Structure formats: structure tokens, C-alpha cells
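Colleague: Got a structure for you, questions after.
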Amino acid sequence: MKRSPSPSRKKRHPVLDATAGEPSTGTGVAIPPSPPPRAPALETRLATLEARVQRLEDELAIHRQIVRYGLAVDTGDAAETARLFTEDTVYDVDRSFVMEGRAGVRAMVEGARHRALLPECAHTIGPALIEIDGERAVATAYSRIYLHRDAEFRLLRLSCNRFELERRAGGWQIARRTTRLLGSPGAQEIFRRHLHAPFAEPDEPTDP
């Protein structure tokens, strides 16, 4: 007579682990299940968050760069001032005083006119409006020069400024700075340009 298999003896699949019932290598070692794929929505949210954090870091770095200018010139540190700019920078003050390259910036800080103000002058800049487009940025701000003489504090100059910056190997650097005395031709245009078309060339229309 043919005997029926005992119900207590259940045949196991050769590729299943004997105790966990999970896929096995055949040696009794279980292969852990693959994690579920990350949801595309989460990937998008993370990418958006990373971009926002990078932008905040860039804005902070740019603001620190232009504010650092004041501390450098007020201490007469020509080398530190020049390092804030690119090697081929152009620093244009009212079209009548144009510094070219880091050498031009250093010469200004070391010049007799600037040295005559030390150590009683204060160059303050900002707050600034900042726009970033990839590896370039524009910052626009007022700047002020104060002088302490004869027990009095005087405002020597109030200007409108446009900083054009580029991300170089060492971080953000000033590729061009344009400064116009408040009330002079071009001063208002600096602000109008930032509000309506910050990256437009000067001869392009800036109206909205």
C-alpha cells in the first residue's frame, strides 16, 4: 500500500532560508530585502532645499565680501582690499577716478589722499539687494564715508553702488564696482537697473 506523506513534513523551497523564509544564497544565509525606491517627490523636495540653502550661503558670502571692503580700507590694508576684487577688476568712481586691476585698488589704498583720512574714517556699505545668476551676481547698495575730526563726526560722501561679482576658485570676488555720488547723473539709474533688469547691459532698456 502507498503511504501518504506526513502532513507535518512540509517540503521547503531550496532557495528559501530555512528559518526566516527569505531569499537565500543557498548556504542558509538570508539576503536582506532591497529598500523601497525613494519617492520622486522627496528627491525633488531635497533638491529644492539644497538649492535654497546654496542661495542663502551665496548671498551671505557676497554681503560679507562687500562689507569687508570697509574694514580693509579703514585699516589701510591694501593687500586685503585688493584680494576682494578679481585680477582684472574695474572700480569706477564717478567716471573721474577709475581703478583697473588689483594693482589699481592697492594704489588707491596706499595713496596720500586715502592715507590722510586714516585712522578716523569709516566706510560703511549696505544692506544690499543681491541677485544671483549661476556663477555671477549683482549687489546694489548705498555706501557712506564718515570722518571724525575736531570732536565731530561728519558725513563726507553718500553714494549709490553696483557690485558685479563672479564666483572664482577662491569664492565670490568683485569683478566691477560702479559708484555714483547721490544726486549725480547715473546714481538713480544704478538702482533702477537693479530693480528692473539687474543683468541687462547698460544700453539695454531697464523699464519693466
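Colleague: Could you list which residues have their amide H under 5 Å from that of Leu156, counting only those 5 or more apart in sequence or on another chain, with H placed in the peptide plane?
Modeller: Here Ile145, Tyr146, Leu147 satisfy the definition.
Colleague: Moving on to the next point. Applying the Karplus parametrisation 6.51 cos²θ - 1.76 cosθ + 1.60 with θ = phi - 60° to the phi angles of the stretch 173-179, what ³J(HN,Hα) value in whole Hz is obtained for each residue in order, glycine and proline being reported as x?
Modeller: Using θ = phi - 60°, the values come out as 9, 7, 8, 7, 10, 10, 10 Hz.
Colleague: Using the basic label-point model (7 angstrom from Cα toward the beta carbon), what is the Leu181 to Ser96 distance in nanometres?
Modeller: 0.5 nm
Colleague: Same structure again: Please list, in order along the stretch 104-116, the HN-Hα scalar couplings obtained from phi with the Karplus expression 6.51 cos²θ - 1.76 cosθ + 1.60 (θ = phi - 60°), rounded to whole Hz, x for Gly and Pro.
Modeller: Each residue of the stretch 104-116 in turn: x, 5, 4, 4, 5, 5, 8, x, 5, 4, 6, 4, 5 Hz.
Colleague: Starting from the Cα-Cα distance between Arg144 and Leu195, subtract it from 0.36 nm times their residue separation and give me the gain in nm to one decimal.
Modeller: 16.3 nm
Colleague: On to the next question. Tally the DSSP beta bridges in the stretch 68-208 and give the antiparallel ones as a percent, rounded to 5.
Modeller: Antiparallel bridges: around 90 percent, rounded to the nearest 5.
Colleague: Taking the alpha-carbon set of the stretch 36-181, what are its Rg and Dmax in Å?
Modeller: 18.5, 74
Colleague: A follow-up question, please. Relative to the present Cα-Cα distance, how much length would full extension add between Arg168 and Glu131 at 0.36 nm per residue of separation?
Modeller: My answer for the length gained is 11.6 nm.
Colleague: I want the local charge near Thr86. Using Cβ-Cβ distances under 14 Å, sum +1 for each Lys or Arg and -1 for each Asp or Glu among the other residues.
Modeller: Computed value for this residue: +2.
A short reminder: the numbers here are calculations on the coordinates, not readings from a lab. The model shown is predicted, which means the values in this text are computed figures rather than measured ones. As a convention, Cβ positions derive from the backbone with ideal geometry for all residues, glycine included, and neighbour counts pool all protein chains shown.
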